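Student: Please find one structure pasted underneath; my questions will follow.
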Amino acid sequence: MDSQLLNPTSLKSRFTARFLRALTKINAPNPISSSSPTPREIFQRYRRIKVAADKSMAYSVRSRTTWSRATLSRLRTRSRHRRLASFGPRSSVTTAAVLKKTSSHGKENEGGLGVQAGELRELVPGGEAMDLCNLLDETAHYIKCLTTQVQVMKTIANLYSLE
Amino acid sequence: MQIVSPFSCSITTTQLFSYFAFSAYQLRKMSSRRSRSRQSGGSRITDDQIYDLVSKLQQLLPELRNSHSDKVSAAKVLQETCNYIRSLHREVDDLSERLSELLATTDSAQAAIIRSLLLR
């Protein structure tokens, strides 16, 4: 098991530190509840952990890649939506309309990869507005970050389930 | 290439600000893309570039890493990439669920010990 963090500034250690701090924050408001938590509480906590994981990863990458910028802006818009609930639908429609207009540029030279590239664009955040070269670049980095995320979360889950 | 303007009459300042921020981001992206293509001597992306990127992607995929790149078409690499990303998303979901259950049941003292060990 790799519990040693060789490089203190590596992506893995940055993500781990941020994610653990977020987990502490999520767990804090819950004093020792002897009774088993309701399924609704578990679901809420699951959503918060998932959002915290994506947020920690996006913050660890900062704005160096388009997908991290897209994830961060998506997270900020979502938190803004929750606060201004009445204005939510309008701003999301505006952003989607703007993205659709830019998506046609840079896709002329895709060769025979149109269908798969479109699928990939849906999976990688911010992929709609990228040309093929950037999309492949971003995908490589995105996969690397996702594998790091999975590795760290697996390690943490194993540690928690040792007792 | 045109930039869309919102048609809604009653628009808040936050929406206006986010719209302008996004269009400024677009303009920056467009100009950077144009200057990049000028440097590469043409607006078309070469097939070699795409081939390099696809083979780099192939090295990251667990299933296709061992087979030779000429036996695997670019379309298959992209398809496998999509499947791999989806499976990674699913793994993250499962791990989040597992963590949420574990957080609920673990004794808080043990949790504090674990956290202090890892955040050292």
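Student: If we keep just the residues of region B:84-107 that are modelled with pLDDT under 80 and not hydrophobic (A, V, I, L, M, F, W, C), which is farthest from A:A157 (Cα to Cα)?
Tutor: B:D107
Student: Checking the structure you have, find out if any residue of region A:129-139 is modelled with pLDDT of 85 or more, on the phi < 0 side of the Ramachandran plot and among the small types (G, A, S).
Tutor: no
Student: Within region A:13-30, track down each residue that is surrounded by fewer than 19 Cβ atoms within 10 Å (Cβ to Cβ), charged (D, E, K, R) and more than 8 Å from chain B (Cβ to nearest Cβ).
Tutor: Matches in region A:13-30: A:R18, A:K25.
Student: Taking region A:117-163 on its own, how many of its residues are closer than 24 Å to A:R74 by Cα and at the interface with another protein chain (Cβ under 8 Å from one of its Cβ atoms)?
Tutor: 21
Student: Going by the structure shown, is B:Q110 within 7 Å of another protein chain (Cβ to nearest Cβ), modelled with pLDDT of 65 or more and in a helix (DSSP H, G or I)?
Tutor: yes
Student: May I pose another question? So for region A:58-66 (the condition being buried (at least 18 other Cβ atoms within 10 Å of the Cβ), more than 7 Å from chain B (Cβ to nearest Cβ), modelled with pLDDT under 90 and touching a Phe, Trp or Tyr at 6+ places or on another chain (Cβ under 7 Å)), does at least one residue qualify?
Tutor: Yes, that holds for at least one residue.
The values are calculated or read from the model by the stated rules, or taken from the named source; none is laboratory data. Note that the structure is a prediction, hence the values are computed from the model and not measured. Glycine also receives a Cβ, built like all others from the backbone with ideal geometry; neighbour counts cover every protein chain displayed.
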